[in-house]
Amino acid sequence: MSKPLSDHDRRKQISVRGLAGVENVAELKQTFNRHLHFTLVKDRNVAATRDYYFALAHTVREHLIGRWIRTQQHYYEKDPKRVYYISLEFYMGRTLQNTMVNLALENACDEAMYQIGLDMEELEDMEEDAGLGNGGLGRLAACFLDSMASLGMAAYGYGIRYEFGIFNQKIASGWQVEEADDWLRYGNPWEKARPEYMRPVHFYGKTEHHPDGVKWVDTQVVLALPYDTPVPGYRNNYVNTMRLWSAKAPCEFNLKDFNIGGYIQAVLDRNLAENISRVLYPNDNFFEGKELRLKQEYFVVSATLQDIIRRFKVSKFGSREIARTDFSKLPDKVAIQLNDTHPSMAIPELMRVLVDIEKLSWDNAWDICVRTCAYTNHTVLPEALERWPVDLFAHLLPRHLEIIYEINRRHLEKVAAKFPGDHDRLRRMSLIEEGGQKRINMAHLCIVGSHAVNGVAQIHSDILKATVFKDFYEMEPHKFQNKTNGITPRRWLVMCNPGLAEVIAERIGEDFIRDLSQLKVLRKYVNDEAFIRDVAKVKQLICQSEINILPYKVHATTQQLFSNCQPLKVFVPVPSISKPPLTLFYCNLCIKREPNKHWTPRTVMIGGKAAPGYHTAKMIIRLITAIGDVVNNDPVIGDRLKVIFLENYRVTLAEKVIPAADLSEQISTAGTEASGTGNMKFMLNGALTIGTMDGANVEMAEEAGEDNLFIFGMRVDDVEALDKKGYHAAEYYNHLPELKQAIDQIAGGFFSPKQPDLFKEIVNMLMHHDRFKVFADYEDYIKCQEKVNDLYKNPREWTKKVIYNIAGCGKFSSDRTIAQYAREIWGVEPTLEKLPNPDDKH
């Protein structure tokens, strides 16, 4: 009988991790030891694990640097149109493993560390997550950077280098407690400060109108210091740049302060300026108008536009010599994509630069601005749309307020010309919302100032045209497009689930990693018994390994159904995420009612963070943990139902949970979720989906076949009809005995016996203030869960549906999404050509 393979030997056999050639391994060991000896510690015998991680990170980074420099030289030689993706969030996660995957170094590094006597996975776990985002929007931006590099595009990500990212979540006595994410405390080996490109950003002050133009004077200046992070493409030797700005106070001091004792205070006041990049706002789907947030938005836009224009003007790599001054060519060389409305200030700022500084006429500047900028909308929820008070603008950015007023005046003239006499339309389409406190509607500004506006799933884009932006669509229908979101298969398959990637590669080769549409070939293996067996075995191996490393207080058996409920994220509408607790009640009640019946065992994992000030979301987390306390300790239920709240859900934890899940719950009320990308990640990793016809679920059903998903609930038309009729939660409460019992248990303190009234406000919200109509989908949801139970009892048929789903994932690669943005919005052609490897000795 053959000896079982060790984890290390098993990993070596996975070809998608790259070849571990003898020369590569020897070179990596030599470089690693050099960094460990010279860069980090003097005595290797006392090196801590973190020192080993940094030595490995610097070793891998050396393989990036030559490619990074060569890529930038290539762009200056070819002078292509450049894409600038501006986002307030880049949720990158960890960099080390992703870089090794994209450079085909993973097996070589693994073998080198093994020979030195170090454990690769232990070293990888030393890296801090770069949590510079709240969730979907920031993670999408990270996937897009990977795809733009993998498609050989001259693209740059621009954002803020937050000193503190999304908070770390602890669960104490069932409650969420927030801790600061000091992700930079040990340093970041992947970034490079570029003080030579520091830029001034102005705030406050006043405007002066002169015959030769407008001057913005008496401003306060904050310096923007850029930090560059390399973004490698997948095995094509392209390395693009993510540039994140950090706020620094100017160095000037008033010398009189030294003589009057104000020096110390002058130094301390520098913190006020540097607070701009101190912390990420922990909320990306709920607008909260704060001056610091508007400062952040203008800070990144102003610094980025200065950088864009500097790069547009210069001609050669490393040169500062101005060679291009004709701004009419700017749209031919620059594409700016606004990731939601957060960078919307790019529009008035570009107008200010072109009109006030470069002295272009308004009409010419506006034509350039519109042809350069494009806007992605990420939500239809009114509470998420940015509406800044005019008074705040007048105080903080007076010149930009004047420019926005002028944009609005000209815009409304066009509307009036096309729809004469329609005064209500003028009110609806104005950039300035009147009535009460005047506010600037930033989504309207983005639409008017961009040449393309896109939603992020077909159903979402259709809703934008039919409702939210109906007036603007009727005015300029040519602007509106759809760009369904996608995920990078490098991180979300090859990196997090190499076993499944290898099983696929054995059948169809490895080219699918760069062209995910090739997965459709797997349909011919749906009835292949060997392939069915291999796919099921991969899932089983993952479950066995992940159960031991996830921070569970409850451990599940490998035969249990792993059901990942939609992560409880602060930007998901609270009623929508109330559904997971309801199904837990239902399972609990059914098992208690018929304890001797054979029930499909389940381990339900729920993860997500509530914004510190979002009380209702925090209460739902407390409800979930309370359910877990009761269910997990009930001897009648035993191992048939376990409830796990995943503390501090983040990119790295998702990379472990997603491959282990059997069932993915995507249960937003139809018409409320823009797209979702977690749904795609679960689908690609072999989880079946139970969900509504909302967001990208609709297209997932189209690609995999609706019969291969568990679809339930109202469609958008049904929701609209219910709105007209009137939704009354009590009707469902009185009609469905299990639902009534579940709600009564919450209200009566069954899950909080020491505080019987603890969850009454959740019940009150569900019964009287639920605009998401949770109860309306409940009965159909439970029937659908019964279908899940029945199918799971037949592993072969379950796995066949898994294969259909994986085969239908081709559309959901971010490579496809970016290729569509490139061709249909940016006017750029992607390429699969490779650059020469600068490290190649041949």
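On the stretch given as segment 806-835, residues that are more than 21 Å from Val334 (Cα to Cα) and aliphatic (A, V, I, L, M) total 4. Among the criteria (1) more than 35 Å from the chain's Cα centre (by Cα); (2) closer than 14 Å to Trp366 by Cβ; (3) open to solvent by less than 20 Å² (accessible area, probe 1.4 Å), the one Arg409 does not fulfil is (3). Screening Ser461 against (1) touching a residue at least 24 places away in the same chain (Cβ under 8 Å); (2) open to solvent by less than 10 Å² (accessible area, probe 1.4 Å); (3) small (Gly, Ala, Ser) leaves a single unmet condition, (1).
Which one of these is modelled with pLDDT of 95 or more and farther than 30 Å from Pro838 by Cα: Glu122, Glu89, Glu127?
On the way: Glu122 fails: modelled with pLDDT of 95 or more; Glu127 fails: farther than 30 Å from Pro838 by Cα.
Exactly one residue qualifies, and that residue is Glu89.
Any residue at all in segment 733-748 that's over 25 Å from Tyr792 (Cβ atoms), in the same structural domain as Leu623 (by the TED database) and surrounded by 14 or more Cβ atoms within 10 Å (Cβ to Cβ)? Within segment 733-748, none of the residues are over 25 Å from Tyr792 (Cβ atoms), in the same structural domain as Leu623 (by the TED database) and surrounded by 14 or more Cβ atoms within 10 Å (Cβ to Cβ).
Can you tell me which residue within segment 591-606, out of those that are touching a helix residue (DSSP H, G or I) at 6+ places or on another chain (Cβ under 7 Å) and not β-branched (Val, Ile, Thr), is nearest to Gly165 (Cα to Cα)? The extreme case among them is Met605.
Listed here are the residues, each with its yes/no results for (1) part of a helix (DSSP H, G or I); (2) in the same structural domain as Lys642 (by the TED database); (3) in contact with a strand residue (DSSP E or B) (Cβ under 9 Å, 6 or more places away or on another chain); (4) modelled with pLDDT under 70.
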residue	(1), (2), (3), (4)
Ile504	yes, yes, no, no
Ser517	yes, yes, yes, no
Lys520	yes, yes, no, no
Lys524	yes, yes, no, no
Asn527	no, yes, no, no
Ile532	yes, yes, no, no
Thr558	no, yes, no, yes
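If you go through segment 594-615 one residue at a time, do you hit one that is over 19 Å from Ser664 (Cα atoms), open to solvent by less than 30 Å² (accessible area, probe 1.4 Å) and outside any loop (DSSP other than H, G, I, E, B)? Checked segment 594-615: no residue is over 19 Å from Ser664 (Cα atoms), open to solvent by less than 30 Å² (accessible area, probe 1.4 Å) and outside any loop (DSSP other than H, G, I, E, B). I'd like to know if segment 341-356 contains one or more residues that are in contact with a His (Cβ under 8 Å, 6 or more places away or on another chain), within 29 Å of Val456 (Cβ to Cβ) and not acidic (Asp, Glu). The answer is yes; a qualifying residue exists. Is it true that Val334 is at pLDDT 95 or above and β-branched (Val, Ile, Thr)? Taking the combined requirement at face value, the residue satisfies it.
Exactly one residue among Val267, Val300 is touching a Gly at 6+ places or on another chain (Cβ under 8 Å) and either among the β-branched types (Val, Ile, Thr) or at pLDDT below 95 (or both), and that residue is Val300. When Val643 is tested against (1) assigned to a loop (DSSP other than H, G, I, E, B); (2) open to solvent by less than 20 Å² (accessible area, probe 1.4 Å), exactly one condition is not met: (1).
Filtered by the rule that a residue be open to solvent by less than 10 Å² (accessible area, probe 1.4 Å) and more than 26 Å from Gln296 (Cα to Cα), segment 121-171 gives Leu123, Ser147, Ala149, Ser150, Met153.
Give the number of residues within segment 768-802 that are polar (S, T, N, Q) and not in a helix (DSSP H, G or I).
Residues of segment 768-802 that are polar (S, T, N, Q), as a first pass: 785, 789, 794, 799.
Checking which are not in a helix (DSSP H, G or I) leaves us with 794.
Counting residues in segment 768-802 that are polar (S, T, N, Q) and not in a helix (DSSP H, G or I) gives 1.
Return the residues of segment 417-444 that are assigned to a loop (DSSP other than H, G, I, E, B) and either on the phi > 0 side of the Ramachandran plot or open to solvent by 70 Å² or more (accessible area, probe 1.4 Å) (or both); say none if nothing qualifies. Pro420, Gly421, Glu434, Gly435, Gly436, Gln437, Lys438 - these are the residues of segment 417-444 that are assigned to a loop (DSSP other than H, G, I, E, B) and either on the phi > 0 side of the Ramachandran plot or open to solvent by 70 Å² or more (accessible area, probe 1.4 Å) (or both). If you check Val828 against the conditions, is it surrounded by 14 or more Cβ atoms within 10 Å (Cβ to Cβ) and either in a helix (DSSP H, G or I) or assigned by the TED database to the domain that holds Ala536 (or both)? No.
Please specify each residue of segment 196-236 satisfying the condition of being of a type in the set (Asp, Glu), open to solvent by 20 Å² or more (accessible area, probe 1.4 Å) and assigned to a strand (DSSP E or B).
Within segment 196-236, the first condition is being of a type in the set (Asp, Glu), and the residues that meet it are 196, 208, 212, 218, 228.
From what is left, the residues that are open to solvent by 20 Å² or more (accessible area, probe 1.4 Å) are 196, 208, 212, 218.
Residue satisfying the conditions is Glu208 alone.
Annotation: of all residues in segment 92-119 being charged (D, E, K, R) and within 26 Å of the chain's Cα centre (by Cα), the one that is modelled with the highest pLDDT is Arg94.
Here is the figure for segment 65-87: residues that are surrounded by 19 or more Cβ atoms within 10 Å (Cβ to Cβ) and either over 20 Å from Arg235 (Cβ atoms) or over 28 Å from the mean Cα position of the chain (by Cα) (or both) total 6. Inspect segment 668-688 for any residue being closer than 20 Å to Val802 by Cβ, touching a Leu at 6+ places or on another chain (Cβ under 7 Å), without any contact (Cβ under 8 Å) to a residue 40 or more places away in the chain and of a type outside the set (Phe, Trp, Tyr) and give the result as yes or no. No: segment 668-688 contains no residue that is closer than 20 Å to Val802 by Cβ, touching a Leu at 6+ places or on another chain (Cβ under 7 Å), without any contact (Cβ under 8 Å) to a residue 40 or more places away in the chain and of a type outside the set (Phe, Trp, Tyr).
The values are calculated or read from the model by the stated rules, or taken from the named source; none is laboratory data. Quick caveat, the model's predicted, so the values are computed rather than measured. Cβ atoms come from the backbone with ideal geometry, glycine included; neighbour counts cover every protein chain shown. Heads up: the accessible areas ignore ligands, DNA and RNA and are worked out on the full protein's heavy atoms, side chains in. Shrake-Rupley method; radii C 1.70, N 1.55, O 1.52, S 1.80 Å.
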